[in-house]
Ligand SMILES: Nc1ncnc2c1ncn2[C@@H]1O[C@H](COP(=O)(O)OP(=O)(O)O)[C@@H](O)[C@H]1O
Ligand SMILES: [Mg+2]
């Protein structure tokens with residue numbers, strides 16, 4: 001695989017797309033290193049799909065430029081198309097066919113002879129945990145199986161860049177983990193993955209770098225660590241048995257965690273947002289120490305948890321307001 005001298009799979013400068021007077025994508029710059037997973041994180045309506053569709057040559061930009069492995073997405077759209085794939089766009093899965101039939105058909109369409117097409121289908125079904133369901137009609141698949149088949153269909157011919165647009169939205173935690181494993185397999189084989197998501201933890205688990213987008217603009221960019229450093233590593237939530245011990249608990253937590261402790265409206269609840277400079281392991285260690293010290297002081301704790309920062313917390317930290325979705329869909 002030949003990459004640019006810059007090592008970038010995708011480079012975008014000032015990309016714009018308007019629908020009427022709605023600037024859906026309002027001047028986005030992106031630099032996606034080859035061979036990595038790059039996360040584009042933002043709420044519903046932020047402009048993720050529109051941006052990805054322009055990069056995949058499915059929509060023509062109204063302003064700005066972008067290249068995929070050095071090829072201009074407008075001037076050399078054919079070359080770009082030869083390198084990219086987007087789930088659910090190029091490869092449409094037929095609900096009445098079985099998983100194996102769908103993948104074999106698609107492999108035939110990209111030029112494999114029948115035995116090679118069958119072999120490629122079998123290989124993907126196996127890699128994505130669908131061998132048992134291979135002979136079943138797709139309309140009888142669960143949501144998670146369907147999502148995995150969609151991804152398999154989009155990599156029949158290994159693309160250099162794969163666009164995964166919210167691949168886990170609406171999936172249960174187990175199916176989400178299966179999709180994450182698949183993303184890791186794909187990037188392990190050298191494909192650059194651009195993944196859009198509404199979940200910070202998903203971007204954190206998979207991506208080497210993340211761009212946070214809001215109203216068509218990139219409002220933050222960096223490694224997950226850098227992003228969390230501006231947001232906080234997560235929050236410790238505590239509920240006490242007795243409200244009259246809260247002042248004491250507050251002092252204790254403040255001393256151990258060295259951060260401000262918030263008293264919740266609920267008279268037995270406290271929250272402390274951990275400093276973003278601590279690692280996940282560090283956060284867990286601090287939380288464990290806090291719990292031990294509370295017990296040692298004879299303060300009874302009914303409920304204790306360490307939560308990862310959510311997209312809302314990221315938006316609160318970056319924009320001083322929660323993530324607003326343009327369509328009130330969730
Ligand atoms: N084909 C279209 N016609 C008109 N408006 C659109 C179209 N596609 C998207 N939009 C609007 O552009 C904005 C960004 O949408 P989208 O890119 O789908 O966001 P996301 O994928 O982040 O949810 C939204 O306000 C959406 O309503
Ligand atoms: Mg979208």
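The one condition from (1) over 30 Å from residue 21 (Cβ atoms); (2) within 14 Å of the chain's Cα centre (by Cα) that residue 262 does not meet is (2). Looking at this structure, is residue 195 assigned to a helix (DSSP H, G or I), touching a strand residue (DSSP E or B) at 6+ places or on another chain (Cβ under 6 Å) and surrounded by 17 or more Cβ atoms within 10 Å (Cβ to Cβ)? For residue 195, the condition - assigned to a helix (DSSP H, G or I), touching a strand residue (DSSP E or B) at 6+ places or on another chain (Cβ under 6 Å) and surrounded by 17 or more Cβ atoms within 10 Å (Cβ to Cβ) - is not met.
The set of residues in segment 190-207 that are farther than 14 Å from residue 52 by Cα and over 11 Å from the mean Cα position of the chain (by Cα) comprises 190, 191. In the condition set (1) out of contact with any strand residue (DSSP E or B) (no Cβ under 8 Å at 6 or more places or on another chain); (2) surrounded by fewer than 23 Cβ atoms within 10 Å (Cβ to Cβ); (3) in a helix (DSSP H, G or I), residue 171 is compliant with all but (3). Scanning segment 38-59 for residues that are within 6 Å of ligand 1 (Cβ to nearest atom), at positive phi and surrounded by fewer than 24 Cβ atoms within 10 Å (Cβ to Cβ) gives a single hit, 45. Return yes when residue 160 is out of contact with any helix residue (DSSP H, G or I) (no Cβ under 9 Å at 6 or more places or on another chain) and assigned by TED's automatic domain parsing to the domain that holds residue 53 and no when it is not. When the stated conditions are applied, residue 160 passes them. When residues in segment 259-272 are screened for being part of a strand (DSSP E or B) and in contact with a helix residue (DSSP H, G or I) (Cβ under 8 Å, 6 or more places away or on another chain), 4 of them pass. Among the residues of segment 95-129, those that are at pLDDT below 95, out of contact with any strand residue (DSSP E or B) (no Cβ under 9 Å at 6 or more places or on another chain) and either closer than 21 Å to residue 168 by Cα or part of a strand (DSSP E or B) (or both) comprise 124, 126, 127, 128, 129.
Comparison of 256, 210, 219 shows that the only residue that is surrounded by fewer than 17 Cβ atoms within 10 Å (Cβ to Cβ) and either in contact (Cβ under 8 Å) with a residue 24 or more places away in the chain or not in a loop (DSSP other than H, G, I, E, B) (or both) is 219.
The values are calculated or read from the model by the stated rules, or taken from the named source; none is laboratory data. Bear in mind the structure is a predicted one, so any value in this text is a computation, not a measurement. Heads up, the Cβs are rebuilt from the backbone with ideal geometry, glycines too, and the neighbour counts pull from every protein chain shown.
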